[in-house]
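Working notes for the structure below.
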Amino acid sequence: MEFKEQMQAYRERFENALPKLLLPPETDPPRIHQAMRYSMEAGGKRLRPMLLYAVGDLFAAELPLDPAAIAIECIHTYSLVHDDLPAMDNSDLRRGKPTCHRAFDEATAVLAGDALLTYAFELLATHYRDWPEIGLVLVADLARAAGSRHLIGGQMADILSERSGSLDAHQLEFIQANKTAALIACSLIFGARLARVDQNTTDMISRLGHHIGIAFQLIDDLLDATRDSETLGKPAGIDAVNDTGNAIHLFGIEGTRERAAQQTGMAHEICSQLGRDASFLSNLIGWMETRIS
Ligand code: GRG
């Protein structure tokens, strides 16, 4: 299959599985379940599920991939819902639509984020109960990636750098590695775990995920600085306005572009060492570099 067709097929696979694996909107109390679905069904690139599917298929995974892909997207979406809250970025627009707290209200958005976070683990525990040794590892991987050393720790470091008004290259690296790359790496690792690949290959996949994640964040910073809100589906220039941990402040546009190219170069190198036809992953890395939103 051509790259674009494969990408579309993965997106459709995810969008078809999503309504079946989320709780029905009429579940009591409907307001929280509607808010959860509102944010999950608002679209987005579905990059993390695509990476999971791509690695799972690369190694011919026989275990179901959809519940793990949705669990990862639940965590990602919760982090966006909370990041958009008035206590954090105070954003009105996400994925081209009003943010959860604008469409509902602040208390509902806090709860919808919390509920997506916990539901991710319910999905894993329920759908991999027939493979408990793998299910448990998935729960541990995701709890770690989403926890205080990685996703939450990266967000905390970002907020602290914003408050202090200072940021050096070491702090930026910590923020990018944890706020962004850890969950992206976890998506690829999930694909590897579900295909039961050996530890050495899982370590390579983890490094691949790290480089993809850092490149993704550098490109996100470039887009934030150079694109308009309509194209991005979220407020543009928000990092410049809030003076957050943005690569552009440290390296400028050209320096950030060069660093993104170095990271994608390292990611391509790992793809070429996997001993399989990783052309979809390589093309996805190329697409990520040239994406406009
Ligand atoms: C609140 C615990 C907590 C964490 C928030 C997600 C996040 C951490 C902050 C949002 C701002 C930001 C730049 C995060 C880095 C990760 C990132 C680029 C998120 C956006 O991911 P996309 O572009 O979003 O994949 P879509 O909407 O396409 O899924």
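Let's see how each residue does on (1) modelled with pLDDT under 95; (2) within 13 Å of the ligand (Cβ to nearest atom); (3) assigned to a helix (DSSP H, G or I); (4) touching a Lys or Arg at 6+ places or on another chain (Cβ under 9 Å):
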| residue | (1), (2), (3), (4) |
| --- | --- |
| 210 | no, no, yes, no |
| 213 | no, yes, yes, no |
| 217 | no, yes, yes, yes |
| 285 | no, no, yes, no |
Subject >> The one condition in (1) in contact with a Ser or Thr (Cβ under 9 Å, 6 or more places away or on another chain); (2) charged (D, E, K, R); (3) within 15 Å of the ligand (Cβ to nearest atom) that residue 114 fails to fulfil >> reply: (1)
Original post:
Mind checking which pairs have a first residue in segment 130-145 that is farther than 16 Å from residue 69 by Cβ and a second that is of a type in the set (Lys, Arg), Cβ under 9 Å, 6 or more apart or different chains?
Top reply: 137/193
**OP:** Hey, can you tell me all the residues within segment 226-244 that are within 9 Å of the ligand (Cβ to nearest atom) and at pLDDT below 70?
**Re:** 232, 233, 238, 239, 244
Original post:
Of the residues that make up segment 167-177, is at least one aliphatic (A, V, I, L, M), surrounded by fewer than 23 Cβ atoms within 10 Å (Cβ to Cβ) and more than 16 Å from the ligand (Cβ to nearest atom)?
Top reply: yes
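So, residue 254, is that one out of contact with any helix residue (DSSP H, G or I) (no Cβ under 9 Å at 6 or more places or on another chain), farther than 20 Å from residue 179 by Cβ, surrounded by fewer than 16 Cβ atoms within 10 Å (Cβ to Cβ) and at pLDDT below 90 or not?
No.
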**OP:** State whether the residues of segment 53-69 include one that is more than 30 Å from residue 276 (Cα to Cα) and more than 21 Å from the chain's Cα centre (by Cα).
**Re:** no
Original post:
What number of residues within segment 283-293 satisfy the criterion of being farther than 15 Å from residue 223 by Cβ and buried (at least 18 other Cβ atoms within 10 Å of the Cβ)?
Top reply: 2
Subject >> Pairs with Cβ under 8 Å, 6+ apart, first in segment 66-86 and modelled with pLDDT under 95, second hydroxyl-bearing (Ser, Thr, Tyr) >> reply: none
**OP:** Among what's in segment 113-144 and is in a helix (DSSP H, G or I) and among the acidic types (Asp, Glu), pick the residue that is surrounded by the fewest Cβ atoms within 10 Å (Cβ to Cβ).
**Re:** 133
Subject >> Subset of segment 145-172 (residues that are out of contact with any helix residue (DSSP H, G or I) (no Cβ under 8 Å at 6 or more places or on another chain) and either of a type outside the set (Gly, Ala, Ser) or modelled with pLDDT of 95 or more (or both)) >> reply: 156, 159, 160, 163, 170
Original post:
With respect to residue 223, is the statement that it is within 16 Å of the ligand (Cβ to nearest atom), assigned to a helix (DSSP H, G or I) and modelled with pLDDT under 95 true?
Top reply: yes
**OP:** Could you please tell me which pairs satisfy a Cβ distance under 6 Å, a separation of 6+ or placement on different chains, a first residue in segment 102-128 that is over 21 Å from residue 183 (Cα atoms), and a second residue that is part of a helix (DSSP H, G or I) and of a type in the set (Asp, Glu)?
**Re:** none
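Right, residue 77: over 17 Å from the mean Cα position of the chain (by Cα) and under 30 Å from residue 163 (Cα atoms) or not? Please lay out each step first, then the result.
Details: over 17 Å from the mean Cα position of the chain (by Cα): no; under 30 Å from residue 163 (Cα atoms): yes.
So residue 77 does not fit the description; no.
The values are calculated or read from the model by the stated rules, or taken from the named source; none is laboratory data. No experiment lies behind these values; they were computed from the predicted model shown. Please note: Cβ atoms are built from the backbone with ideal geometry, for glycine as well, and neighbour counts cover all protein chains shown.
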